[in-house]
């Protein structure tokens, strides 16, 4: 039996092929009722879009790559889940790789994601060789760093000032009269977020 085509889905849903394409590639641009009809037709027919054809036609893959240090830390796992939830609503797939706090491994993972044609890349933290950012810029791939901030500029980020946060916590402890303070910190090697928190204290 031949696989279902875009035309088949459009006929079953009672919409144009352009509407089917929008519903699959940019669902936020299609009314919920129309999107539901398209999704029902896709499910009934077992339609699977041809990834390569879509990518060639639009010069986009509708995939975002993210390299995180580890999946063992629940903070990163929850962050990945939140990203995936939001991207999925927009018809975008998230590809995730791990670096194990190793800059060389992170660079390899970024190259692998670029080879798969991701439309953008998310990285954790900001401490890495400039060459890593230059490789992304040279390919024209947008990127963002997460979980840390830098008031001095640098790559685009969505995060917070780990050092200032730790300073504020230490000041609060001192304000309560405590003078002998101990701190349990995470791994600081290859982890600018933990290093900044230690420096803040």
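For the chain, what is the percent of antiparallel DSSP beta bridges, rounded to the nearest 5?
Among the beta bridges of the chain, antiparallel pairing accounts for roughly 0 percent.
For the chain, find the longest principal axis of its Cα atoms and tell me its angle to the long axis of helix 103-115, 0 to 90°, nearest 10.
20
Given N residues in the range 53-131, what is its alpha carbon radius of gyration divided by 2.2 N^0.38 Å?
Ratio of Cα Rg to 2.2 N^0.38 Å: 1.13.
Once both labels are modelled 7 Å past Cα along the beta-carbon direction, what's the residue 45-residue 104 spacing in nm?
Modelled inter-label distance: 5.0 nm.
I'd like the Kirkwood hydrodynamic radius of the chain, using the inverse of the mean 1/r over distinct C-alpha pairs, in Å.
19.8
Could you sort the peptides 38-44, 85-91, 64-70 by per-residue average Cβ neighbour count (10 Å cutoff), highest mean leading?
Ranked by mean Cβ neighbours within 10 Å, highest first: 64-70, 38-44, 85-91.
Report, as a whole number in µm² per second, the diffusion coefficient that Stokes-Einstein gives for the range 82-201 at 10 °C and 1.306 mPa s using the Kirkwood radius over alpha carbon pairs.
98
Pairing the Cα long axis of helix 32-45 with the longest principal axis of the chain, what angle in degrees results, from 0 to 90 and rounded to the nearest 10?
Once rounded, one gets 70 degrees.
Could you rank the peptides 92-98, 120-126, 178-184 by their average count of other C-beta atoms within 10 Å per residue, with the highest value first?
Put in order of decreasing packing, that is 120-126, 92-98, 178-184.
Counting alpha carbon pairs within less than 8 Å and at least 6 residues apart, what relative contact order, in whole percent, applies to the chain?
15
What's the angle, to the nearest 10 degrees (0 to 90), between helix 74-89's Cα axis and the longest principal axis of the chain?
Taking the Cα atoms of the chain, the angle to 74-89 is about 30 degrees.
Readers should treat all values here as calculations from the given coordinates under stated rules, not as data from a laboratory. Since this is a predicted model, take the numbers as computed values, not measurements. We place every Cβ from the backbone using ideal geometry, glycine too, and count neighbours over all the protein chains shown.
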